[in-house]
Structure formats: C-alpha cells, structure tokens
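Read through the structure below, which is laid out as structure tokens, and then see the notes.
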Amino acid sequence: MDSILKRISVLNDTFTKSERALADHIVRDADSVVMKTITELAGESDSFSTASITRFCKKIGLSGYSELRLELAKEMAKDNARRQIVADGEKLVPGLVSTVVEASASAINDLKYVLSDDVIKKAVHEILSASSITLAGIGASALVAQDLRQKLLRLGIRSLFDADQDVVKVTLSSGRSKDLLIAISYSGTTRETLDAVKIAKENGMRVLAMTKKGDNPISEQADVTVPVSENEALLREGATLSRLQMLVTVDMIYRALIMDGGVRYDLILDSWDAVNRRIK
C-alpha cells in the first residue's frame, strides 16, 4: 500500500471542510493518533465524530479506523528507518535496499492520484501544436528535461535544451505565440526557471509546466500543468523521489505521443537505425 499520509495529501482537494479538518489533524499529529481510540479522537474536536471518522477512512480506501491506525504505525516505523539511514551517514544500515525500493514504488504509485489521462492528452496537444519547443530546468530538473528532449527527438519533434540558462533566455527572447516552453521545476519556485517562464509569457508563448501539485509561481503562469505529488521536502540531501516521478511522467507523455498523438512509429525505428549505424 502507498503511504497513507501521502494519499491523504493528494486527496485533500476532494475533502469536505470537516474532512479536511480531520485530515489536517491526522497529518499534524500522526504519532498521537496511532495511540488513540476512535472515541478519543472524535472527542478532540467538534468538527468530527466517530461516524465521520469512519466515513473518512473509507473515503481514503481503508476498511475503518483500525486500519488507519495500523497504516500510520507502519508509516511511522518506515520514517524512523529512513531517518536512521541518513543519520548513519556512510554506514550501510540493514534494510536500506528494501526501504529505498518501497519508497520509490510508493512515489510512482502516488502519480495515479494527481495525474489523469486528460492531463497527459493536454500535454501531448501542446507539444504537437508547437512550432518550436524550448525546455528549461536546472539541477535534477535538467536531467528530466534532457530525457524528455531526447525522446522528442526520437519522434522527429525538434526541441532545444541547454544547461546554460543564458542560452535558454536568448532563445526565448525571440519566441512567438505558436512556440512552447516546457518548464520543469519540482518546487515551482526555481528562480532561473521562473525567469524563463516570464520571458516566454512576455513573448506570447505557451507554457507547459511540470511541477508539484498545488499552487506555485510556475504553475500559476502555465497554460497547462502536469503535476507530480508532493513527496519531498524542499530542503533535502538531493532530489530523489521527485526526479523519479518526473521521469516516469516523461515516459507517459512519450507513450501518449506514440499511441494517441499521431506520431509515426517509423520515426522511432529510423532513429534507432541511425544510432546503430553510428556505433558499428
């Protein structure tokens, strides 16, 4: 099962006011909730009752409050294991492999709660409608941009990405209304990527953003946003789960371009032949 706290977070927009109050309470005080009976939890606020707590548990895919407590307890144990891995530095902690694999699998699974086929189709439409495509992203987001660019090239869709942000800005300065900027930033607040978005909008370009779910400066200015779930702290030792989610999302867009975008499959074969001829 995916992380229950993450599931509550990504489903937050679907909750009623009272359900949101309960969700906030659970997320804020998960350690304490694990130790409480349903009656004790209901007595802590006028916003929820034993019946509403049970309904809430079913809404997030659980059988009831007992399962919620069990899942929270398991999640607390996993979090303690992750913190121990970081605290022990270079020492290989028992359970490292399973912890990382489970966290990665959970992050990928979270995508089904924030993404939809319609969002991917909108992204495909923006890409296929563009006269030219420029990609922007730094750090881990640059790796995602590079992956998307090479996939677009395999489909015969020309695009530009450059790690030098000045080159990106110069390219965008001559953008037109039918051109597209794909802005990639997990936080949605990366200054260099925000600068790229500003230049693109000033020149009437369309903007397709890939960023975490929710409002942020980049998504607010984008014409279409492809969200990933909020699964990492912004202050972290390095982008891991967010990068993984974005790379999987790129794979979704790539497959959609092939299946539903009218892209000729023979272009993929031609690009493969070209690579093979080069290495022989």
So, in the range 185-223, how many residues would count as being small (Gly, Ala, Ser), closer than 24 Å to residue 124 by Cβ, open to solvent by 10 Å² or more (accessible area, probe 1.4 Å) and part of a loop (DSSP other than H, G, I, E, B)? 3
Within the range 161-184, can you find the residues that are hydrophobic (A, V, I, L, M, F, W, C), under 15 Å from residue 199 (Cβ atoms) and either open to solvent by 60 Å² or more (accessible area, probe 1.4 Å) or touching a residue at least 40 places away in the same chain (Cβ under 8 Å) (or both)? 170, 180, 181, 182, 183
Mind listing just one residue for me: the one in the range 235-273 that is under 18 Å from residue 209 (Cα atoms) and open to solvent by 60 Å² or more (accessible area, probe 1.4 Å) and, of those, modelled with the lowest pLDDT? 243
Just to be sure, is residue 18 within 30 Å of residue 108 (Cβ to Cβ) and in contact with a Ser or Thr (Cβ under 6 Å, 6 or more places away or on another chain)? no
May I ask you to list pairs of residues, at least six apart or on different chains, whose Cβ atoms are under 7 Å apart, with the first in the range 195-218 being on the phi > 0 side of the Ramachandran plot and the second being in a loop (DSSP other than H, G, I, E, B) and open to solvent by 50 Å² or more (accessible area, probe 1.4 Å)? 204/176; 204/177; 214/230
So, residue 144, is that one open to solvent by 30 Å² or more (accessible area, probe 1.4 Å) and part of a helix (DSSP H, G or I) or not? no
Among all residue pairs at least 6 apart or on different chains, which show Cβ distances below 7 Å where the first residue, located in the range 126-146, is touching a residue at least 60 places away in the same chain (Cβ under 8 Å) and the second is part of a loop (DSSP other than H, G, I, E, B) and of a type in the set (Gly, Ala, Ser)? 128/261; 139/239; 140/239; 141/185; 144/137
Among the listed residues 243, 176, 191, identify the single one that is more than 26 Å from residue 112 (Cα to Cα), among the basic types (Lys, Arg) and under 20 Å from the mean Cα position of the chain (by Cα). 191
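The values are calculated or read from the model by the stated rules, or taken from the named source; none is laboratory data. This structure is a prediction, so every number in the text was calculated from the model and none was measured. As a convention, Cβ positions derive from the backbone with ideal geometry for all residues, glycine included, and neighbour counts pool all protein chains shown. Only protein heavy atoms, including side chains, enter the accessible area calculation; ligands, DNA and RNA are left aside. Shrake-Rupley method; radii C 1.70, N 1.55, O 1.52, S 1.80 Å.
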